[in-house]
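The block underneath contains the structure these notes are about, expressed in structure tokens.
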Amino acid sequence: MSTVAVEVVYRGIFQKTLARNIVRSIVFAARKEGKIGTAFGRYGDSPERNGIPAKQFAIVSDSPEELEENLAVYEAREVDVTINVDDTMCKGIESWAWYGLQPINALTKPGGTLIVTSRQAADALIEDIHQKDSAYNLAIIPASTSYSGLWVYKDDHTDVRILGALAKVCPELVSLDSMVAALEDQGWGGLKATSARNTYDRLTSRPVEPGEGSDDEPFSFDLPGWKSMEEGLVIRGIEEGGGFRGGSLGDSYDPINTPSILPQGYEPTRNSVFKKFSTRAMRPVINFDTCIKCTLCWLQCPDTCFDVTPDGLYDANMEACCGCAVCEAVCPVPDCITMVNEAEFNDNNSQYEHWTRDKDGYHNWMAELIQIQKDKDSTRSHGYHSPGVYESESEVALTGDDD
Ligand code: SF4
Ligand code: SF4
């Protein structure tokens, strides 16, 4: 073996403990084989925000010199294995406006493996994952999303199952026996060790050919280089005000000099580079026909997502939505706003435009999504307003029905 690098892509804070358990156990297991390794979080992702994709790494080498040589870079340029612990991040990840949207497999080296915890089939995931020009492997651990993080903790064995899978897809890193021995050292023998072994035995992976996957161009923007730095510290703000919509007057609408003409809607200005495409694991779906225009979602949304439409309805802008579900919680009309698994969507288009263009079509689309959400309730739930749900999910995982 030379050096083996593993990255864990997780949702900030909620899955931090999960990510840390994985990378730390890799290093403990490597030591069992006389190797040397280190585990660390990616500096640019700290401090983390709830739901924002973040990374931790484990790098393992045969010798300290080799490890040092490979750590002389800020972040691994390529990894043998990428572990994604929330399948909605297959659409790509943004951390701190560093590089726009980074494909989930951007660092996975040719012939490497992407491990995803998911209830989706490989083809459905590959539809979301950006194409690469080299082949790699996709391995799926059948599992619900595990929020084993700082704010919530459920011991559902996701960490040890991933470690068992890792020993299978990357035997040059560590053997299963070393991995299990490292788990036992941490007090994770018994059922947890069994879960690791079961996942090792059951895991299969599928090759993903060059050019297979989504051909979407990842959102990007120009970063200032060191030569183009401005004097002083410049933090660009978001422009004040916003866009009153002037209806038929269009851009010539002037609310200051012609206040007698009422605006037809309002669209706030938003950050031009930090989009929230990858922040959310769920998104709101709105029933415009039952909305009573109470304004609560618009007022309470912490990310100013709602555009006021010309007829006084509220349309959530998917470039800004982080999926927090506050709008669903505050909406006084039953089922007017429903949070739905982000994995069900293939674009970020305006729901209001869809509704105005084709009301029947919109209703069918909405009904189908809500039904899917109800049917698959245990695969994507919102812990903020479903207290206790994690406990019941853990029970399912521990009885083995989750595998
Ligand atoms: S889920 Fe609702 S409240 Fe939360 S950011 Fe999105 S639109 Fe705003
Ligand atoms: S909270 Fe519900 S009823 Fe009130 S404006 Fe928003 S969508 Fe309409």
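The values are calculated or read from the model by the stated rules, or taken from the named source; none is laboratory data. The structure presented is a predicted model; accordingly, all values stated were derived computationally and were not measured. A quick note on method: Cβ atoms are made from the backbone with ideal geometry, for glycine too, and the neighbour counts reach across all protein chains shown. Side chains included, ligands, DNA and RNA excluded: accessible areas come from the protein's heavy atoms. Shrake-Rupley method; radii C 1.70, N 1.55, O 1.52, S 1.80 Å.
Just to be sure before I move on: is Ala343 among the aliphatic types (A, V, I, L, M) and within 13 Å of ligand 1 (Cβ to nearest atom) in the structure I sent? No: the conditions fail for Ala343. Assessment of the stretch 310-317 against the conditions (near ligand 1 (Cβ under 9 Å from one of its atoms) and either touching a residue at least 60 places away in the same chain (Cβ under 8 Å) or aliphatic (A, V, I, L, M) (or both)) yields at least one matching residue.
Sub-7 Å Cβ pairs linking a first residue in the stretch 20-43 that is of a type in the set (Ser, Thr, Tyr) to a second residue that is in a helix (DSSP H, G or I) and at pLDDT 95 or above, at least 6 apart or interchain, are Ser25/Leu163; Ser25/Ala182; Ser25/Leu183; Thr38/Val27, ordered by first then second residue. Of everything in the stretch 359-380 that is part of a helix (DSSP H, G or I) and crowded, with 19+ Cβ neighbours inside 10 Å, the residue that is farthest from the chain's Cα centre (by Cα) is Tyr362.
Is it the case, given these coordinates, that Pro332 is more than 20 Å from the chain's Cα centre (by Cα), outside any helix (DSSP H, G or I) and not assigned by TED's automatic domain parsing to the domain that holds Thr88? Spelling it out, Pro332 is indeed more than 20 Å from the chain's Cα centre (by Cα), outside any helix (DSSP H, G or I) and not assigned by TED's automatic domain parsing to the domain that holds Thr88. When the criteria are applied in full, Cys331 fails the requirement of being surrounded by fewer than 21 Cβ atoms within 10 Å (Cβ to Cβ), more than 8 Å from ligand 1 (Cβ to nearest atom) and among the hydrophobic types (A, V, I, L, M, F, W, C). The residues listed here are Thr356, Thr295; of these, the one that is more than 10 Å from ligand 2 (Cβ to nearest atom), β-branched (Val, Ile, Thr), more than 23 Å from the chain's Cα centre (by Cα) and open to solvent by 20 Å² or more (accessible area, probe 1.4 Å) is Thr356.
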